[in-house]
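Participant: Take a look at the following structure, please.
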Amino acid sequence: MHLEGRGFRFCSPSRMLTALVFILLCVQPGRGQTCTEGFAYEPRTRQCIDVDECRTMPDACRGDMRCVNQNGGYLCIPRNLYNQPYRPDPIVPEPVYPDPSAGFPNSFLPSPPRSVEPSYPRVISTAQCILGYTLAEDGTCNDIDECETNSHHCNPTQVCINTAGGYTCSCTEGYWLLGGQCQDIDECRYGYCQQLCANVPGSYSCSCNPGFILNPDSRTCQDVDECADEPCSHGCLNTYGSYMCNCDEGFELASDGTTCIDLDECSFSEFLCQYRCVNIPGSYSCICPPGYYIYEDGRSCEDVNECDTGNNTCTTAQVCFNFQGSYTCLNPLQCNPPYIAVSDNQCMCSAENPACRDKPFTILYRHMDMSSGRSVPADIFQMQATTRYPGAFYIFQIKSGNDGREFYMRQTSNVSATLVLSRPIKGPKKVVLDLEMVTVNNVINFRGSSIIRLTIFVSEHPF
């Protein structure tokens with residue numbers, strides 16, 4: 001008797017080819033699920049169900065063999081053995097002997113009539129259980145555990161599973177049957193892990209990228225809130241799988257990405273402050289030289305008028321004159337003879353005085369301030385004749401004090417002229433100019449002059 005099926009040897013190469021095709025057809029992927037040989041995935045129930053090879057493979061068993069479906073496989077059994085009913089041995093009556101106490105009769109009594117039996121020998125069947133079962137003492141058929149008795153034909157890579165009347169060669173979890181061998185299933189190919197997957201024999205292991213932790217399901221990953229550990233020196237912004245550090249205004253992120261260093265705003269531009277920029281942590285501050293204060297814009301310097309604030313050292317007899325960045329105390333006007341004072345800022349030489357001949361008629365004292373390095377050309381002062389005579393004309397000129405040729409006079413009309421700065425002057429410096437206005441009248445043959453003694457205080461700074 002020759003048996004075939006899962007767990008048994010095949011008897012011909014053609015049957016081996018049929019079994020190989022059967023194996024390949026039974027490995028059917030279904031939504032990421034793979035069933036072992038002898039089972040097919042049912043999408044509706046999402047379970048692996050047994051394949052009835054006796055129905056799907058018409059020539060599963062050949063010759064006088066009958067196909068019997070098993071859970072996960074099938075068996076080929078001779079038809080006469082499969083259909084043979086159970087028949088117990090016939091009961092043979094015991095012979096009847098006479099009672100010796102009654103004595104022996106002279107003749108034997110005739111034996112009871114017996115049925116006529118056939119002349120050929122009687123065959124008593126000993127195969128009372130189908131294949132895969134064994135006869136118990138009580139006459140019942142018990143399943144043979146081929147796995148327990150090690151009478152199976154599973155190869156070393158397979159696991160024997162006992163079934164009713166047979167056995168199945170299967171694979172443990174994490175393996176599938178391929179070419180008669182249990183081979184490891186690479187679960188990582190089917191996306192079992194959300195992020196990182198490492199295949200191991202019979203199983204797999206999930207892990208997460210930096211910035212994530214593995215959830216209790218051992219498959220999915222959860223973002224780690226790194227900001228909870230305060231890794232940043234200033235501000236922290238948690239992102240998916242990472243975090244970003246940010247800095248307060250006036251700071252910049254260092255190369256390590258977590259600490260903040262002060263930003264030197266003063267190094268950005270020399271025009272950030274009008275005078276000087278002082279860097280402070282997270283910001284900057286503009287300062288001004290003595291005699292100035294910071295304007296409302298926070299960067300410009302404005303002159304402090306010490307004469308108005310009273311923060312000066314001038315006496316009551318003196319006059320406080322404020323200029324950019326400082327001040328000066330002007331003494332009371334003193335006119336040198338033959339001049340006499342006619343006001344607090346004007347000296348006059350009388351025409352009746354012979355000593356005043358060829359001298360300017362009046363000397364008017366004026367004061368002004370100017371920033372150092374002022375752009376040129378610049379109109380800085382204007383002269384004009386206050387008294388006009390018929391037939392007279394006027395000449396305006398710089399009589400003294402213009403040694404560096406920084407100034408010149410530009411006549412703007414017959415009776416006026418403007419003092420022009422032609423070269424920048426660096427302070428601090430005090431410049432005294434005698435600006436002369438000459439009056440010429442040819443009708444009466446008159447020539448006279450007046451002087452404006454202009455004192456210019458050039459500041460130390462260009463503001």
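Participant: Does E173 meet the test of being modelled with pLDDT under 50 and either hydroxyl-bearing (S, T, Y) or not in a helix (DSSP H, G or I) (or both)?
Facilitator: Answer is no for this residue.
Participant: Give me a count of the residues in the range 213-240 that are in contact with an Asp or Glu (Cβ under 7 Å, 6 or more places away or on another chain) and assigned to a loop (DSSP other than H, G, I, E, B).
Facilitator: Within the range 213-240, residues that are in contact with an Asp or Glu (Cβ under 7 Å, 6 or more places away or on another chain) and assigned to a loop (DSSP other than H, G, I, E, B) number 2.
Participant: Oh, and also: Being surrounded by 17 or more Cβ atoms within 10 Å (Cβ to Cβ) and on the phi < 0 side of the Ramachandran plot is the filter here, so list the residues in the range 267-297 that pass it.
Facilitator: Matches in the range 267-297: C273, Q274, C277, Y284, C286, C288, Y292, I294.
Participant: Let me ask something else. Among (1) out of contact with any Gly (no Cβ under 6 Å at 6 or more places or on another chain); (2) open to solvent by 50 Å² or more (accessible area, probe 1.4 Å), where does E226 come up short?
Facilitator: Failing condition for E226: (2).
Participant: Let me ask you something else. Does E137 satisfy being over 50 Å from the mean Cα position of the chain (by Cα), surrounded by fewer than 14 Cβ atoms within 10 Å (Cβ to Cβ) and either without any contact (Cβ under 8 Å) to a residue 60 or more places away in the chain or closer than 24 Å to T36 by Cα (or both)?
Facilitator: Taking the combined requirement at face value, the residue satisfies it.
Participant: Just to be sure, is F407 free of Cβ contacts under 8 Å to residues at least 60 places away in the same chain, aromatic (F, W, Y) and open to solvent by 60 Å² or more (accessible area, probe 1.4 Å)?
Facilitator: The answer is no for F407.
Participant: It is to be established whether one or more residues within the range 298-305 are out of contact with any strand residue (DSSP E or B) (no Cβ under 7 Å at 6 or more places or on another chain), acidic (D, E) and open to solvent by 50 Å² or more (accessible area, probe 1.4 Å).
Facilitator: no
Participant: Answer with yes or no whether V431 is in contact with a Gly (Cβ under 8 Å, 6 or more places away or on another chain) and either without any contact (Cβ under 8 Å) to a residue 40 or more places away in the chain or crowded, with 19+ Cβ neighbours inside 10 Å (or both).
Facilitator: yes
Participant: I would also like to ask the following. Are there any pairs with C-beta distances below 6 angstrom linking a residue in the range 339-360 that is closer than 13 Å to S450 by Cβ and assigned by the TED database to the domain that holds M437 to a residue that is at pLDDT below 95 and among the charged types (D, E, K, R), with the two at least 6 apart or on different chains, and if so which?
Facilitator: C349/K359
Participant: Search the range 306-335 for residues being surrounded by 11 or more Cβ atoms within 10 Å (Cβ to Cβ) and among the small types (G, A, S), and hand back the single one that is nearest to R453 (Cα to Cα).
Facilitator: My answer is S326.
Participant: Right, another one. Here is a check on your reading of the model: is E252 at positive phi and open to solvent by 70 Å² or more (accessible area, probe 1.4 Å)?
Facilitator: Judged against the criteria, E252 is not a match.
Participant: Name the single residue, out of those in the range 240-268 being among the hydroxyl-bearing types (S, T, Y) and touching a helix residue (DSSP H, G or I) at 6+ places or on another chain (Cβ under 9 Å), that is farthest from G282 (Cα to Cα).
Facilitator: Of everything passing the filter in the range 240-268, S242 is farthest from G282 (Cα to Cα).
Participant: Select the strands (runs of 3 or more DSSP E) contained entirely in the range 32-73, then report the ones holding at least 2 residues which are open to solvent by 30 Å² or more (accessible area, probe 1.4 Å) and within 25 Å of C188 (Cα to Cα).
Facilitator: Those strands (runs of 3 or more DSSP E) span 39-42, 47-50.
Participant: Another question, then. Identify all residues within the range 413-425 that are under 21 Å from T387 (Cβ atoms), in contact with an Asp or Glu (Cβ under 9 Å, 6 or more places away or on another chain) and open to solvent by 10 Å² or more (accessible area, probe 1.4 Å); write none if there are none.
Facilitator: T418
Participant: Give the range 255-282 a look and list any residue that's in contact with a strand residue (DSSP E or B) (Cβ under 9 Å, 6 or more places away or on another chain), of a type in the set (S, T, Y) and free of Cβ contacts under 8 Å to residues at least 60 places away in the same chain, or say none.
Facilitator: T258, T259, S267, S269
The values are calculated or read from the model by the stated rules, or taken from the named source; none is laboratory data. This is a predicted model, so every value here is computed, not measured. Here the Cβ is made from the backbone with ideal geometry for all residues, glycine too, and neighbour counts use every protein chain on show. Surface accessibility is based on the protein's heavy atoms, side chains included, excluding ligands, DNA and RNA. Shrake-Rupley method; radii C 1.70, N 1.55, O 1.52, S 1.80 Å.
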